[in-house]
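Read the structure below first, then the notes.
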Amino acid sequence: MKAGMMVYLDGLIAGIIGAVVIAIWFLFLDTVSGLPFYAPTVLGTALFLGPEDLASAEGVQLSLNLTLMYTWVHVLVFVMLGEIAAYLLFLTGKNPNLGFCLFLFALLEFGFVGTVFVFAEPVLDQLAWPAVLLGNFLAAAAMTCYFRLRQPNLIVGLELTHSNQDPSPRGASAILDKK
């Protein structure tokens, strides 16, 4: 498989992993509080019906339709972020580390908070910020772990391709013997 296709596939999988981790985190929190699917309903309401409906006196009515619509958008956004992260790792040619995890976390957190501030500020009254903070950290950590497991194989393959080295252990020892 070509390197570009591997980067695309890694970004797709990492994005899905990040989206699933956050979805499971909020499903757990919402279920414990007695309102399953509350967070995606709130976010779906803000996205598809407008922030005015969040500020109404009747509160947010749980809706499976809004939850499913928001979930698709959520997955697409995370796939896009996974693709960006995979491409950045590909360009740098380095394995992801704690700094990359913190960068990804900051990207997720500031992306969410910035978007909410601009488009739907009442969401901040509906969702607890520590839950969002921890959810974004868990997603960034899960995505970084996936990249950490995946990227060394891709990076070693690219290095060998560009240097025309023999990828077999015999070839590696022959190179070391020459030094």
Checklist entry - Could you say whether any residue in segment 77-84 is of a type in the set (Gly, Ala, Ser), modelled with pLDDT of 90 or more and closer than 18 Å to Tyr38 by Cβ? => result no
Checklist outcome for this item: The number of residues in segment 84-115 that are farther than 15 Å from Cys145 by Cα and either of a type outside the set (A, V, I, L, M, F, W, C) or without any contact (Cβ under 8 Å) to a residue 60 or more places away in the chain (or both) is 14
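Would a scan of segment 26-45 turn up a residue that is outside any helix (DSSP H, G or I), out of contact with any helix residue (DSSP H, G or I) (no Cβ under 8 Å at 6 or more places or on another chain) and within 18 Å of Ala120 (Cβ to Cβ)?
no
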Checklist entry - Which residue pairs have Cβ atoms closer than 6 Å, lie 6 or more positions apart in sequence or on different chains, and pair a first residue in segment 20-46 that is under 13 Å from Thr67 (Cβ atoms) with a second residue that is assigned to a loop (DSSP other than H, G, I, E, B) and of a type in the set (Val, Ile, Thr)? => result Thr41/Val60; Val42/Val60; Thr45/Val60
Next on the checklist: Can you report the number of residues in segment 82-137 which are part of a helix (DSSP H, G or I), in contact with a helix residue (DSSP H, G or I) (Cβ under 7 Å, 6 or more places away or on another chain) and small (Gly, Ala, Ser)?
Outcome noted: 5
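The values are calculated or read from the model by the stated rules, or taken from the named source; none is laboratory data. Note that the structure is a prediction, hence the values are computed from the model and not measured. Here Cβ is always computed from backbone atoms with ideal geometry, including for glycine, and neighbour counts include all displayed protein chains.
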